[in-house]
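*Asks:* Submitted below is the structure of interest, expressed as structure tokens.
The values are calculated or read from the model by the stated rules, or taken from the named source; none is laboratory data. These numbers come from a predicted model, not from an experiment. Here the Cβ positions follow ideal geometry from the backbone for every residue, glycine too, while neighbour counts run over all protein chains shown. Just the protein is used for accessible areas: all its heavy atoms, side chains included, with ligands, DNA and RNA removed. Shrake-Rupley method; radii C 1.70, N 1.55, O 1.52, S 1.80 Å.
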Amino acid sequence: MRRAIATVSLSGTLEEKLAAAAQVGFDGVEIFEADLLTSPLSPAQIRRRCADLGLTIDLYQPFRDFEGVTPERLAANLRRAAQKFDVMADLGADTMLVCSSVVPGTDGDDELAASQLRRLAELAATRGMRIAYEALAWGRHVDDYRHAWQIVAAADHPALGVCLDSFHILSRGDDPAGIRDIAGDKIFFLQLADAPRLGMDVLQWSRHYRCFPGQGDFDLAAFVGHVLAAGYDGPLSLEVFNDVFRQADAGRTATDALRSLIALEEAIAPDHHEKAAIEKAANLDGYAFVELGVDALGGELAERMLHGMGFARVARHRSKPVHLWQQGEARILLNRARSTGDEVAITAMGLESDDPAASARRAEALLAPPVPRRYGPGEADLTAVEAPDGTSIFFCRTDGAAADANWLGDFERLGEFERPGGEEAPAGEEAPGGEEAPGGEEGPGGEEAPAGEWGIARVDQVSLSQPLHYFDEAVLFYRSVVGLRRHDPEDIPDPRGLVHARAMTSAGSRVRMLLHVPALGGSRLPGTADFQHVAFACGDVFAAAVAMRAAGVPILAIPDNYYADLAARVDLDPERIEVMRSHGILYDRTDDGELFHFYTAMLGRRVFFELVQRVKDYDGYGTPNTPVRMAAQYRVSRGIPGGSTAGSDP
């Protein structure tokens, strides 16, 4: 299907909007009247500009407050329309959007509205043009698409049809199945917008919080399915009013917009017996690696902490200043060539794909920008794409990959730390620098806690902060390009504001990700809003906490008040809670299972680690404990009394 976008959805001048839409591959545009009025180009020049860019002008809009008026006002409205038809003729546009009237004092009689819209359609027909009548969700008398269709059907003119707007229909909770009762050739235009579910005035909701398909809560696949079943064969066009989009780079927004339409087409294809135009998302089986970009100081800090956590430095890259640290199936790359200005930052992730080539083709089809890479002789040909926050996403297959695609083949193993099949270095073996690797520490009950029992098994989740204006873009990216399932958003209180968070998981939950962003902009952003962290799954967090503290790893201290409240809320053994308090271990419980987890202190300004032990089928992120963690980190960062590491004096 053809794809179009309303110029109001993009920032900049009309010329910049048109260039951005054409650059990413849109077929057409809706010209929003305000963009025309502020352009120095004449309508004829705009037509030529669009033709040069390969764009059609599919709709001119909006024409407001036409129907239900007195004869005198009708005559004035027809004169106004005639002037707009002149403009449209110069533009080369043949369809004008007419919104249902919102003017107080107009007549709500349907017969009057039908007769007046017929007069307008007759005038349009003399110019070879059409009128698409749209029911605004806040229309004075017509606010329902079924009502608009009744009026159009009563007017009975071939140049008069309806425009269906997903926001105006779905925001009211109307059943879109009735669209199937509309004659397909009378659906003149389709406008699409998603939106989060918000309990607010529908006009303000529409003007400020629309978003692209897949970024909100509407079921647009089902909605479009009804429209196509009715026989509509026009373009899929995006009309999105959004405060962020109006400030963001037009090219970036246009890319995000087109990606949303491609993903939407994929979702509706099976219901219409069509083959999707893009590769199906490959299955993901966890994290192949997480890369930390480090400077000189950050590299030393990271190595010290990873060593204390039981990781071993097992290999170095053949041509780049990158070292591989590993424990179990958890792999951390320390890259000294990708310093971001912070001591330590998450700069890349490798995702285990059962078909990396298919994942790469899907990413390309969904307009994910490729990451330029320099290959040394014999190095694996891996595809990396750039996420909205700049993180590089690699699609890998560590086990069973062909020799030319096995990323581990790019690394030279380091002597006794070579472990075939990704096994961890046993406790007590000499670590880089001549120190003994941690292990054999005494557990909470006095028993020995060998690293082989508590040791880290794999990366459990990655948490990434997002730039303020790119959060919805990131959600769509990971949902469409990577194939993750999104969970309901949550607002988490921080000592200096709110942080908006959304969890995303792969099928089977082998890839878990948490995206977060400050809920509001400004100069007083939450101190934790820019944090990133990697969580590792382990078999026994209690033994892990003992061993890591003995190895000198600083663990974030949690206030005693948390544990007093925990004792009142849950039926854990008091002695167990006391052990948790002494080691900074937090707890969460759902109907499916339990979570025990703790956090390290910060590694530089932005990054920290978490160890998690999931019991039974617990599949959450410990979100109820996040405000406690944020407050503790804030105290440490500000040097406020009470901010310390577990087991140390305040």
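*Asks:* Leaving ligands, DNA and RNA out of it, report the carbon-plus-sulfur percent of the accessible area of region 110-249 at a 1.4 Å probe. Intermediate results must be reported in sequence, preceding the final value.
*Replies:* Values: 2370 of 5140 Å².
Using a 1.4 Å probe with all protein chains present, region 110-249 comes out at 46 percent carbon and sulfur.
*Asks:* Okay, moving on. Output the relative contact order of the chain, whole-number percent, from Cα pairs under 8 angstrom with separation of 6+ residues.
*Replies:* Numbers: 1395 pairs, mean separation 60.8, N = 650.
Computed over the chain, the figure is 9 percent.
*Asks:* Hey, if you put +1 on the Cβ of every Lys and Arg and -1 on every Asp and Glu Cβ in region 2-155, which of Pro40, Thr7, Pro71 ends up farthest toward the positive end of that dipole?
*Replies:* Of the listed residues, the answer is Pro40.
*Asks:* Where both partners of a DSSP beta bridge lie in the chain, what percent of those bridges are antiparallel, to the nearest 5?
*Replies:* Here the share of antiparallel DSSP bridges comes out near 60 percent.
*Asks:* For helix 541-550, report the angle its Cα long axis makes with the longest principal axis of the Cα atoms of the chain; keep it between 0 and 90° and round to the nearest 10°.
*Replies:* The angle comes out at about 60 degrees.
*Asks:* Now a separate question. Tell me, which longest segment in the chain has none of the GluC sites (Glu not before Pro) that fall in DSSP loops with at most 16 further Cβ atoms within 10 Å? Working shown, then result.
*Replies:* Details: sites that count: Glu274, Glu418, Glu423, Glu429, Glu435, Glu447.
After excluding every exposed loop site, the longest remaining stretch is 1-273.
*Asks:* Under the 0.36 nm per residue contour assumption, what length would be gained going from the current alpha-carbon distance of Asp619 and His487 to full extension? Intermediate values should be presented prior to the final figure.
*Replies:* On the way: separation 132, 0.36 × 132 = 47.52 nm, distance 1.16 nm.
In short, 46.4 nm is gained.
*Asks:* Could you name the aspartates and glutamates in cross-link range of Lys280, using Cα to Cα under 16 Å and dropping any fewer than eight places away on the same chain?
*Replies:* Glu265, Glu266, Asp271, Glu352, Asp354, Asp355, Glu364
*Asks:* With angles folded into 0 to 90 degrees, how steeply does helix 356-365 sit against the dominant principal axis of the chain? Use alpha carbons for both and round to 10.
*Replies:* Approximately 30 degrees, to the nearest 10.
*Asks:* Pairing the Cα long axis of helix 14-24 with the longest principal axis of the chain, what angle in degrees results, from 0 to 90 and rounded to the nearest 10?
*Replies:* The answer is roughly 60 degrees.
*Asks:* A further question on this structure: When the helices in the chain are scored as -39500 (n - 2.57) per DSSP H run of 4 or longer and the sum is shared across all residues, what 222 nm value do you end up with, to the nearest 500 deg cm²/dmol? Don't skip to the answer; put the middle values down first.
*Replies:* Values: 18 runs with 195 residues, N = 650.
That comes out to -9000 deg cm²/dmol.
*Asks:* Find me the longest stretch of the chain that has none of the exposed trypsin sites (Lys or Arg not before Pro), where exposed means in a DSSP loop (not H, G, I, E or B) with at most 10 other Cβ atoms within 10 Å. Write out the running numbers ahead of the final one.
*Replies:* Numbers: sites that count: Lys275, Arg374, Arg524.
Excluding the exposed sites themselves, the longest stretch runs over 1-274.
*Asks:* Computing the accessible area with a 1.4 Å probe over protein heavy atoms, can you report the carbon and sulfur percentage for region 292-332?
*Replies:* Values: 690 of 1350 Å².
Roughly 51 percent of what the probe reaches on region 292-332 is carbon or sulfur.
*Asks:* Would you please classify the overall shape of region 219-299 from the alpha carbon gyration tensor, given that a ≥ b ≥ c denote the square roots of the eigenvalues, rounded means a/c under 1.5, and beyond that prolate means a/b larger than b/c while oblate covers the rest? Working shown, then result.
*Replies:* Values: a/c = 3.82, a/b = 1.63, b/c = 2.35.
Verdict is oblate for region 219-299.
*Asks:* For the chain, what number results from the quotient of the Cα radius of gyration and 2.2 N^0.38 Å? Working shown, then result.
*Replies:* Numbers: Rg = 29.2 Å, N = 650, 2.2 N^0.38 = 25.8 Å.
Normalised Rg, Cα atoms only: 1.13.
*Asks:* Give me the percent of accessible area attributable to carbon and sulfur for region 471-520, probe 1.4 angstrom.
*Replies:* On the way: 880 of 1800 Å².
Ligands and nucleic acids excluded, carbon and sulfur reach 49 percent.
*Asks:* Also, I was wondering about something else. Among Asn283, Val240, Ala269, which residue has its Cα positioned farthest towards the positive end of the charge dipole of region 184-328, with +1 placed on the Cβ of Lys and Arg, -1 on the Cβ of Asp and Glu, and the dipole taken about the Cα centre?
*Replies:* Highest projection toward the positive end goes to Asn283.
*Asks:* Compute, for the chain, the length of the dipole vector about the Cα centre, with Cβ point charges of +1 (Lys, Arg) and -1 (Asp, Glu) only. Units Debye, rounded to 20. Present the calculation step by step, with values, prior to reporting the outcome.
*Replies:* Values: 64 positive and 98 negative charges, 401 e Å.
With only Lys, Arg, Asp and Glu charged at Cβ, the dipole is about 1920 debye.
*Asks:* Let me ask something else. With a 1.4 Å probe and all protein chains left in place, how much accessible area per residue does the chain have, in Å²? Could you put the intermediate results ahead of the total?
*Replies:* Details: 26340 Å² over 650 residues.
On a per-residue basis, 41 Å².
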